[in-house]
Amino acid sequence: MEVRVEKNPNPKRPPTDEELSNIHFGSVFTNHMLLIDYKKGQGWHDARIVPYGPLSLDPATCALHYGQLIFEGMKAYKTKDGRIVMFRPDQNMARMNNSCERMCIAPIDERETLEAISKLVRVESDWVPASPGTSLYVRPFIVANEAFLGVHPSNSFLFATILSPVGSYFKSGLEPVRIYVENKYVRAVRGGTGFAKCAGNYAASLKSQEEATKAGYSQVLWLDGIERKYIEEVGGMNIFFVIDGEVVTPELNGSILPGVTRKSIIELVKSWGMPISERKISIQELADAYKTGRAREAMCAGTAAVISPIGELKWGDVVMRFNDGKIGPVSQRLYDEITSIQTCAKPDKFGWVYEVK
Ligand SMILES: *Cc1c(COP(=O)(O)O)cnc(C)c1O
């Protein structure tokens with residue numbers, strides 16, 4: 001895929017490390033963005049890197065009315081020796097195509113699209129921060145942009161990628177979060193769109209998130225949408241527990257988002273020779289394991305925070321506090337290992353690192 005580049009005539013400078021530590025996640029963007037068009041009969045075409053700026057959309061753009069819209073999230077890092085690398089971006093491209101399939105969006109060529117994204121990251125190489133915990137967040141997305149008001153799949157799409165430099169997710173190390181179990185709203189059901197990174201899933205979760213914030217919690221833990229019994233995941237992160245010395249995470253069932261961090265944790269823990277299972281886990285089972293002292297750690301996992309330890313989990317009147325509100329040993333080890341592989345501070349024996357050349 002040929003990608004032409006139109007340089008921004010008025011580029012801004014990247015934030016300093018000091019500035020970066022004071023900006024909110026995803027609120028500052030680089031000087032350029034990647035755009036690729038799709039038309040039925042013509043396929044994906046006209047890949048271009050252009051100055052960052054507003055998109056022009058017809059008011060009848062179908063994504064604005066019916067939400068035919070998907071996205072991805074990954075990170076680029078600067079290594080000690082000045083190279084730029086990404087963590088398992090092939091997994092994000094494959095997941096993007098799974099989301100496309102579910103949402104009737106034209107599939108992308110995973111390899112060529114990743115190369116086009118790499119070219120954008122290369123153009124913005126000055127914006128990839130180097131200090132510990134920082135990275136350049138990469139947000140590809142696809143908008144169904146045909147203009148019509150009928151409910152049917154669009155015949156044209158816009159693929160775009162924007163980049164945002166981000167500081168450490170937590171200001172002072174890995175701060176355990178407070179979470180409550182959501183028992184009023186549901187996020188997804190089997191047969192729905194839970195496994196796809198589609199915009200509507202997040203719009204549907206805002207109400208619950210707003211109520212959680214008001215009550216002093218940072219996130220909610222979603223239960224399955226049918227029996228409201230089995231643990232699924234947290235806002236934009238998957239969940240793990242350490243029970244009886246075993247790492248346990250809910251199995252993928254169609255309503256859980258298959259995280260790249262989740263997959264990496266499973267592979268890492270297996271390589272340590274530590275027991276791990278992907279299975280159904282009910283909130284009652286967790287509460288019982290907690291009460292008898294067998295549930296030692298709880299953590300969330302996703303690209304943005306990598307590992308986010310859960311200090312407190314509230315389920316109705318049951319309050320579970322893990323590891324004295326401090327990060328537990330398994331969570332810490334996972335965080336250290338994953339972040340050192342991501343930044344090439346440790347050898348990449350799994351072949352997870354992709355070099356942006
Ligand atoms: C993106 C996301 C995750 C985490 O996926 P990663 O690939 O690890 O970043 C988990 N749950 C939901 C709902 C998500 O949107």
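Annotations for the structure displayed:
- Among the candidates ARG111, ARG139, residue that is charged (D, E, K, R), under 21 Å from ALA47 (Cα atoms), modelled with pLDDT of 95 or more and in contact with a helix residue (DSSP H, G or I) (Cβ under 9 Å, 6 or more places away or on another chain): ARG111
- Residues within segment 224-254 that are buried (at least 17 other Cβ atoms within 10 Å of the Cβ) and out of contact with any strand residue (DSSP E or B) (no Cβ under 6 Å at 6 or more places or on another chain), tallied: 1
- Elements of type strands (runs of 3 or more DSSP E) contained in segment 202-257, each with 3 or more residues being under 21 Å from the mean Cα position of the chain (by Cα) and either closer than 29 Å to GLN68 by Cβ or among the aromatic types (Phe, Trp, Tyr) (or both): 219-223, 231-234, 238-243
- Which numbered condition GLU297 misses (of (1) more than 15 Å from the ligand (Cβ to nearest atom); (2) charged (D, E, K, R); (3) surrounded by fewer than 20 Cβ atoms within 10 Å (Cβ to Cβ)): (3)
- Among the conditions (1) assigned to a loop (DSSP other than H, G, I, E, B); (2) crowded, with 21+ Cβ neighbours inside 10 Å; (3) of a type in the set (Asp, Glu), GLU175 misses just one, which is (2).
- Screening the candidates SER21, SER27 for the property of being in the same structural domain as GLY73 (by TED's automatic domain parsing), touching a Gly at 6+ places or on another chain (Cβ under 8 Å) and polar (S, T, N, Q) yields one hit, SER21.
Conditions (1) within 15 Å of the ligand (Cβ to nearest atom); (2) touching an Asp or Glu at 6+ places or on another chain (Cβ under 6 Å); (3) of a type outside the set (Ser, Thr, Tyr), marked per residue:
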position: GLY245; (1), (2), (3): no, no, yes
position: GLU251; (1), (2), (3): yes, yes, yes
position: ARG279; (1), (2), (3): no, yes, yes
position: ASP324; (1), (2), (3): no, no, yes
position: TYR335; (1), (2), (3): yes, no, no
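Here's the yes/no breakdown for (1) in the same structural domain as MET86 (by TED's automatic domain parsing); (2) within 16 Å of the ligand (Cβ to nearest atom); (3) more than 16 Å from PRO309 (Cβ to Cβ):
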| site | (1), (2), (3) |
| --- | --- |
| LYS207 | no, yes, yes |
| LEU221 | no, yes, no |
| GLU227 | no, no, yes |
| VAL248 | no, no, no |
| SER271 | no, no, yes |
| PRO275 | no, no, yes |
| ALA289 | no, no, yes |
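- Only listed residue being among the charged types (D, E, K, R), modelled with pLDDT of 95 or more and assigned to a strand (DSSP E or B), chosen from ASP46, ASP90: ASP46
- With a requirement of 1 or more residues that are farther than 25 Å from ARG95 by Cα and among the aromatic types (Phe, Trp, Tyr), the strands (runs of 3 or more DSSP E) lying completely within segment 279-325 that satisfy it span 306-315.
- For segment 49-79, the tally of residues that are among the hydroxyl-bearing types (Ser, Thr, Tyr) and assigned to a loop (DSSP other than H, G, I, E, B) stands at 3.
- Within segment 27-74, restricting attention to residues that are surrounded by 14 or more Cβ atoms within 10 Å (Cβ to Cβ) and without any contact (Cβ under 8 Å) to a residue 12 or more places away in the chain, the residue that is nearest to the chain's Cα centre (by Cα) is LEU64.
The values are calculated or read from the model by the stated rules, or taken from the named source; none is laboratory data. What you are looking at is a predicted structure, and each value in this text was computed from that prediction instead of being measured. Note that each Cβ is placed from the backbone with ideal geometry, even for glycine, and that neighbours are counted across all protein chains shown.
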